[in-house]
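Novice: Take this structure, written in structure tokens, and hold onto it; I'll ask about it next.
The values are calculated or read from the model by the stated rules, or taken from the named source; none is laboratory data. Remember, predicted model here, so these are calculated numbers, not experimental data. Every residue, glycine as well, gets a Cβ built from its backbone with ideal geometry; the counts of neighbours run over all protein chains shown. The area values use the complete protein model at the heavy-atom level, side chains included, leaving out ligands, DNA and RNA. Shrake-Rupley method; radii C 1.70, N 1.55, O 1.52, S 1.80 Å.
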Amino acid sequence: MQQIETYKQEIEQLPVTDAKSLEDYRIKFLGTKGIVKALMGEMKNVPNDQKKVFGQVMNEFKQFTEAKYEQWRENTADGPSAAAVGMDISLPGDPLPLGSRHPVSLMRNKMIEIFSRLGFAVADGPEIEDDFHNFTALNLPEHHPARDMQDTFYVQQNPDWLLRTHTSNVQIREMQKGKLPLRIVMPGRVYRNETISARSHCFFHQIEGLYLDENVSFADLKQTLYFFVQEMYGKNIKVRFRPSYFPFTEPSAEMDIECQICHGKGCSICKRTGWLEILGCGMVHPNVLTNCGIDPNKYTGFAFGMGIERPTLLKYGINDIRLFSENDVRFLRQFTSAV
Ligand code: 2NL
């Protein structure tokens, strides 16, 4: 038993760091002519009244040596050689099937990439939001129709919680942090309680943008968005701005591009107008700035928002928005090499 104690101390001090020293250890202690086997053989020489105690110590020592072996085997990078386990490492490997990017992700990444070249950073925030960050802070009056149960999914446990209906909650949270200027885009999933059809779904994706600093003007808004559509659809793209209304911007506008299908002649896609609406935008309403603790006399900014699904449908000639969320690999596989 004294001897076993000495072996344990010896093992604790062993420098087992590679396959060679591990194998030496195995042969010395756990091999057929090893120390553990030899000690087991001593059992017959132990007096009967001490057999029980010796057996226990012996068992514990055996487990100790085996556990050490396992521990070292996991830690030594070079385990048994490939040849030793009958493996031919010159054979080609099994091919790893490459997945594909989702078409909505491809479109989102392209949009982010264009705005990043103008110095916009990406910001993110929660999809489950409270009334303040989704509505109140955005200058949406208490009884605005967009707040109705019809359009918004509420969370049953708490009447103050809902699924965000736009990504503007992220802008609000960024503005509340109080670090200005801000030049950010917010891509993300949003939810609206709408009837699901080929054209619309109860969840979809948006990208919104915000540029907030001293002396930001409507001219900055127009040039930023013009640059965006030129990068997205080509240098010769025709655009127009139409006056519009959003509670959170003043003045507000919608931006159209020349219909990519009929090139302005009028078709079923553009409802015979020759124009496609692609985004809404405007100068951030002073009330929104005040709600976020920002001085509207010092800072001005523009904001914009656009859906991601619609332009993706157009770009790839997809005719049903529901395909985006059905996870049918026959659909998804078609984007394997799309950029
Ligand atoms: C659309 C229109 C828009 C914004 C989103 C915004 C956010 C804050 C303040 C002011 Cl925090 N504006 N966002 C502004 C104008 C339009 O989206 O049609 N989206 C799909």
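Novice: Can you list the GluC sites (Glu not before Pro) in the range 123-200 that are in a DSSP coil and have 12 or fewer other beta carbons within 10 angstrom?
Specialist: Counting only loop positions with at most 12 other Cβ atoms within 10 Å, the GluC sites (Glu not before Pro) in the range 123-200 are Glu142.
Novice: Taking every pair of Cα atoms in the range 250-312, average 1/r, invert it to obtain the Kirkwood radius, and report Rg/Rh to two decimals. It would help to have the intermediate numbers written out before the result.
Specialist: Details: Rg = 16.3 Å, Rh = 13.6 Å.
Taking Rh as the inverse mean 1/r over Cα pairs, Rg/Rh reads 1.20.
Novice: For the range 225-271, compute Rg over Rh where Rg is the Cα radius of gyration and Rh is the Kirkwood radius from the inverse mean 1/r over Cα pairs.
Specialist: Looking at the range 225-271, the ratio lands at 1.04.
Novice: I would also like to ask the following. First compute the accessible area of the chain with a 1.4 Å probe, then give the percent of it belonging to carbon and sulfur atoms.
Specialist: Values: 10420 of 19910 Å².
Percent of accessible area from carbon and sulfur atoms in the chain: 52.
Novice: Continuing with this model, one more query. Hey, got the Cα dimensions of the range 1-131 along the principal axes, in Å, largest first?
Specialist: Sorted largest first, the three principal extents are 85, 52, 24 Å.
Novice: Which entries of Lys238/Lys298; Lys20/Lys52; Lys222/Lys315 have Cα-Cα distances beyond 25 Å here?
Specialist: Lys238/Lys298; Lys20/Lys52
Novice: Okay, moving on. Among the trypsin sites (Lys or Arg not before Pro) in the range 157-190, which ones are in a DSSP loop with at most 14 other Cβ atoms within 10 Å of the Cβ? Mind listing them?
Specialist: Working: sites: Arg164, Arg173, Lys177, Lys179, Arg183, Arg189; in loops: Arg164, Lys177, Lys179.
Of the trypsin sites (Lys or Arg not before Pro), the ones in loops of the range 157-190 whose Cβ has at most 14 other Cβ atoms within 10 Å are Lys177, Lys179.
Novice: Now, a different point. May I ask you to derive the relative contact order of the chain, considering only C-alpha pairs under 8 Å and at least 6 residues apart, and to give it as an integer percent?
Specialist: Here the relative contact order equals 16 percent.
Novice: Could you pull the Rg and Dmax for the range 113-168, using just the Cα atoms, both in Å?
Specialist: Gyration radius and largest Cα-Cα distance of the range 113-168: 13.9, 42 Å.
Novice: OK, next. Let me test this: with uniform point scatterers at the alpha carbons of the range 216-325, what is the Debye-based log₁₀ I(q)/I(0) at q = 0.10, 0.14, 0.22, 0.24 1/Å?
Specialist: With one equal scatterer per Cα and no solvent, log10 I(q)/I(0) is -0.36, -0.65, -1.18, -1.30.
Novice: Here's another thing I want to ask about it. Over the range 87-222, consider all pairs of different Cα atoms and compute the Kirkwood hydrodynamic radius from their mean reciprocal separation; express it in Å, one decimal.
Specialist: Kirkwood radius, the range 87-222: 17.6 Å.
Novice: Starting from the Cα coordinates of the chain, work out the convex hull volume and express it per residue in Å³.
Specialist: 282
Novice: Whole-Hz Karplus ³J(HN,Hα) for the range 66-75, in order, using 6.51 cos²θ - 1.76 cosθ + 1.60 and θ = phi - 60°, x for Gly and Pro?
Specialist: Those phi angles translate into 5, 4, 4, 4, 4, 4, 5, 4, 5, 8 Hz.
Novice: Given +1 on the Cβ of Lys and Arg, -1 on the Cβ of Asp and Glu, and no further charges, what dipole in debye does the range 197-339 carry about its Cα centre, rounded to the nearest 20?
Specialist: 720
Novice: What are the equivalent ellipsoid semi-axes of the range 158-290, built from the alpha-carbon gyration tensor (square roots of five times its eigenvalues), in whole angstrom, biggest first?
Specialist: That gives 27, 22, 12 Å for the three semi-axes.
Novice: Kindly provide the trypsin sites (Lys or Arg not before Pro) of the range 231-339 that DSSP labels as loop, not H, G, I, E or B, and whose Cβ sees at most 13 other Cβ atoms within 10 Å.
Specialist: Answer in residue order: Lys235, Lys265, Lys271, Arg272, Lys298.
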